[in-house]
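Here's the structure, in structure tokens; my notes come after.
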Amino acid sequence: MARLFEKNTGPEVVITETTVVKGNISTKSAIRIEGQIVGNVSSENDVLVNMFGKVEGEVVCNDLTIAGSVRGNIYAKGLLTVHENAELVGDSTATSIHVEPGANYQGKFEILHPEKQNNKNVKPAKKKEQPKKAKEESDG
């Protein structure tokens, strides 16, 4: 059987073109999405959404390649690639982002620093409070 990904990612899960999954998917394996998922996708490995693939939900993974459609927020610990004619609607966080000309993207990008890549729940630093001015007292 031919590998779905160029690098060796271990066992792979394939959601075929005629398959619709309603619910969340969580796996340690790489995932290739050729069909449709209505729910969140979580993989400890890479995820590929091919040109006919659709995801309506959050995607959390190592590297994410989108050639189809994703409508939901993205958290990729590695590289996020959005190919020409792909659709991504949602905010994205990744260590590295590549968007090809012709891709349809609506949302915000956040580049994650490598030292923070293992912590999905990194919160922005709180704004420093300005010291309060002392009220002037008046004798009336």
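Each reported figure results from applying straightforward, stated rules to the coordinates on display, with no laboratory input. A quick note: this is a predicted structure, and the numbers were derived from the prediction, not measured. Note that we place each Cβ from the backbone using ideal geometry, even for glycine, and neighbour counts take in every protein chain shown.
Some notes on this structure:
- Lone qualifier among Glu100, Glu17, Glu34 - being closer than 23 Å to His113 by Cα, over 14 Å from the mean Cα position of the chain (by Cα) and not polar (S, T, N, Q): Glu100
- Strands (runs of 3 or more DSSP E) completely within the range 36-87 that count 1 or more residues being under 13 Å from Ile15 (Cβ atoms) and in contact (Cβ under 8 Å) with a residue 40 or more places away in the chain: 47-49
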